[in-house]
Amino acid sequence: MIGAMAAARPSQTAVPRDIGFFEWFFDPDTWTGPDGILASLVDTVVLCAAVTLVAVAVSVPTAALLAHLRRAEVSSTWLVSISRAVPTFAIAALLVPWSLERGWGFEPWPIFIALFLLAVVPIYLNTYTAIRQQPEGTVEAARALGYSERSILTKVEFALASSLILAGIRVAAIQVVATEPIRAFLGGDGLGRYVRDGFGQNNNTLVIGGIVLIGGLAALTGLTFVALERLVLPNGVRRLARQQGDKTP
Amino acid sequence: MTTPKTRRVVRLLAPLAVLGLVTAACGSDDDGSNDTEPASTEAADSTEPATSDMTDGEMADGPTIQVRGQDFSESITIAEVYGQYLEAEGYPVEILTAAGFRPDNLNGVENGDFNLIIDYIGGVQAALAPDAPASADADEIVATITEPIEAIGATLLDYSPAIDGDAFIVRGDSEASTISDVAGLDYVLGASAQCAERPQCLIGLEDPDIYGITFADFVTLEYGPLLGEALANNEVDAIVWNDTAPQIAEQGFKVLDDDKGIFPAQNIAPIISTEVLEAYGDQLAADLNELSAMITTDDLLAWNTETDIEFRESDEVATEWLEAKGLL
């Protein structure tokens with residue numbers, strides 16, 4: 001009974017030190033249960049998706065509107081970029097005591113805020129630049145056709161810029177997935193736990209397993225966005241991009 | 001005839017020549033120090049007997065002693081103390097930036113990346129002789145780890161009376177006073193990843209033949225102040241940390257009595273590459289043993305208070321201690 005309860009103990013990975021990578025990776029027990037890879041994967045994917053979505057919801061409208069109005073070009077770009085100068089790990093680590101004091105626990109706020117600041121940068125910059133650089137003539141033509149300012153922004157500028165905006169979101173999502181594992185070193189879990197536990201227990205199989213999983217998820221995230229771009233980009237924009245020899249699908 | 005070209009070459013070479021002269025001068029200073037040795041005579045006059053000083057000049061010729069601590073403040077300060085001490089004794093020393101934990105340090109010594117570490121004997125036993133019985137008696141532990149340490153090409157020197165034992169720590173308002181009392185309390189335990197695979201830690205705590213505690217949850221935390229913060233802020237109800245952590249007194253934590261004796265003796269002891277040790281003969285071992293004998297558990301606690309509570313630099317703390325002991 002006690003043995004069974006010990007086996008159900010969450011949040012810890014302890015495997016024999018000399019276990020081979022394939023033996024570990026392809027053991028069904030490695031994947032299932034509260035300790036398994038699947039549970040950690042869900043942890044990681046949920047956090048990364050939430051961070052990326054919030055970053056998109058905040059940055060894309062702000063950047064699009066400011067770019068359309070030609071406002072705050074230097075100041076906002078500078079402000080966003082400078083947040084990138086502080087390492088994500090440092091931001092998260094500094095926020096941990098702050099979060100604990102308020103009784104909010106290790107997760108999710110410190111890591112969420114740190115990853116959010118990481119994700120905002122490429123999304124904001126790509127959106128702003130893409131909309132700012134739409135040809136003046138196109139915008140004027142739309143205005144001459146009687147488009148309202150709102151329609152110019154959403155139906156002309158935004159549509160034409162959508163390829164670059166999505167590229168920014170893709171870069172942000174991949175960076176978030178690749179950086180998220182630091183939460184394992186700050187009282188959290190997720191896929192980074194395999195790297196953390198592997199280091200702590202001098203078990204290279206776990207470290208390699210963690211790297212493979214994190215790298216695999218980052219690659220998969222990139223592929224998902226390629227598929228997404230095929231689905232959501234307007235046909236005209238895709239055709240235009242192809243004609244210009246762009247690699248965008 | 002000095003053409004512009006040769007003059008330029010001369011100008012380029014001049015600094016090299018000066019450098020050569022300086023180096024030569026330094027070299028002859030070293031040779032001369034065997035006869036005159038003004039610095040060490042001075043040291044001999046001071047409070048410390050400093051038995052090793054007579055041979056300083058010869059010893060400087062050996063391989064550089066590279067010492068590295070583990071990546072937590074106490075270990076960093078200990079590495080600074082040993083490194084600065086050896087430097088003052090006239091050995092060529094390099095104090096490396098602390099990195100990693102025990103496994104990295106043992107691997108580093110085995111691979112020759114550096115050659116001196118100061119570790120806790122009980123922890124070394126868990127790493128190198130995991131099947132040997134843990135013991136609260138330092139000599140019993142030394143007997144089980146001497147051979148495995150030789151197997152990685154290193155030598156264990158005398159252990160210090162200074163002990164940084166593992167400790168099962170709870171908040172001051174806990175009703176438990178021994179670890180056995182925790183069995184019925186459904187606590188959440190926070191500890192490092194290493195703890196989970198050690199019989200001297202989580203495995204022993206959960207083993208029905210020893211403590212048989214069932215924890216409500218186990219939270220893996222990086223070894224260090226994060227553990228104290230998690231306990232102070234009710235994220236966990238108990239942690240396995242070290243009993244020289246100054247946060248224990250500062251936060252009013254309570255160290256529970258290890259009534260079944262699973263935590264091994266954790267005296268600090270230098271582990272040095274055998275090659276380097278032999279290059280210097282018996283003198284180096286004697287010097288290191290002399291230092292180890294002077295460090296006490298109270299010193300460790302004092303150092304940790306300086307570095308973790310007052311946020312002072314480890315190297316300054318080490319220098320001050322060595323000066324106070326008349327070793328610098």
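Each value in this text was obtained by applying a stated rule to the coordinates, not by laboratory testing. Only a predicted model underlies this, so the values are computations on that prediction, with no experimental measurement involved. Virtual Cβ from ideal backbone geometry, glycine too; neighbours counted across all protein chains shown.
Values as computed for the structure displayed
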read-out: Sum of side-chain charges, B:F168 neighbourhood, beta-carbon under 9 Å (Lys, Arg +1; Asp, Glu -1); value: -3
read-out: Calculated from backbone phi, Karplus (6.51, -1.76, 1.60) coupling profile of segment A:227-238 in Hz, x at Gly/Pro; value: 5, 4, 4, 4, 6, 9, 5, x, 3, x, 5, 5
read-out: Straight-distance crosslink candidates among aspartates and glutamates, where the alpha carbon sits under 14 Å from B:K254 and sequence neighbours closer than 8 are dropped; value: B:D166, B:D173, B:E175, B:D181, B:D237, B:D243
read-out: Rh (Kirkwood; distinct C-alpha pairs) - segment A:37-151, Å; value: 16.3
read-out: Residues with amide H under 5 Å from that of B:V93, placed H, sequence gap 5 or more; value: B:I65
read-out: Rg/Rh (Cα only; Kirkwood hydrodynamic radius) as it applies to segment B:166-256; value: 0.92
read-out: Cleavage-rule hits (GluC sites (Glu not before Pro)) in segment B:226-319: DSSP loop, at most 12 neighbouring Cβ within 10 angstrom; value: B:E310
read-out: Net +/- balance of residues flanking B:T178 in space, Cβ distance below 10 Å, scoring K and R +1, D and E -1; value: -3
read-out: Amide H within-cut-off set for B:G100, under 5 Å, with H built and near neighbours excluded; value: B:D71
read-out: For chain A: Kirkwood Rh in Å [reciprocal of mean 1/r, alpha carbons]; value: 20.4
read-out: Distant-in-sequence amide H partners of B:N242 (H built 1.01 Å from N, under 5 Å); value: B:A167
read-out: 15 Å beta-carbon shell around A:P135, net charge (K/R +1, D/E -1); value: 0
read-out: Whole-Å semi-axes of segment A:186-249's equivalent ellipsoid (Cα gyration tensor); value: 40, 11, 7
read-out: More than 18 Å apart - percent of Cα-Cα pairs taken over segment B:110-247; value: 59
read-out: Shielding by partners - mean other protein chain Cβ count within 10 Å, residues of A:199-208; value: 4
read-out: Cα point-scatterer Debye curve for the protein assembly as shown, base-10 log of I(q)/I(0) at q = 0.06, 0.07, 0.08, 0.09 Å⁻¹; value: -0.45, -0.59, -0.73, -0.85
read-out: Structure-based [θ]222 nm, chain A - -39500 (n - 2.57) summed over DSSP H runs of at least 4, per residue, nearest 500; value: -22500 deg cm²/dmol
